[in-house]
Amino acid sequence: MSYQDIIPLVFTEIVGDFGYKVFANKGGILPLATGTIGYIGVIYYLIRSLQGSTILVVNAAWDGISSVIESIAAFVFLGERFTNYSEFIGIIFILFGLLLMKIPVLRNKEFVFPRIFSVI
């Protein structure tokens, strides 16, 4: 697992979420397709992230990076602000936690998609 896998995982999740949100409220084939394609990307990048790693580490990194990126997006695009200094400190703790996990920027090993039909 690396930032090379986790960051696209977060962005494809956001695309999927936004597509399904529009579909849920307004309908339409394009939002449904956008949401579905986004979540196909989530599946792909989750498989990439899990190869050679553990669910514990991948899930923690995914949640932390997702929180930071979505907080930045809410700040920049929606104009939202923290109402208490402790919320800002919470984001700093998330960033500190991500640093402690020592996630590499690039993958250490080349990704090989697993065989679909194999004996377990």
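Overview of values
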{"read-out": "Flag for Ala60 being of a type in the set (A, V, I, L, M, F, W, C) and in contact with a Leu (Cβ under 9 Å, 6 or more places away or on another chain)", "value": "yes"}
{"read-out": "Residue list for the stretch 10-33, filter: within 30 Å of Asn108 (Cβ to Cβ) and touching a Ser or Thr at 6+ places or on another chain (Cβ under 6 Å)", "value": "Val10"}
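Rule-based calculations on the coordinates, nothing more; no lab input. All figures in this text were calculated on a predicted structure; none of them were measured in a lab. As a convention, Cβ positions derive from the backbone with ideal geometry for all residues, glycine included, and neighbour counts pool all protein chains shown.
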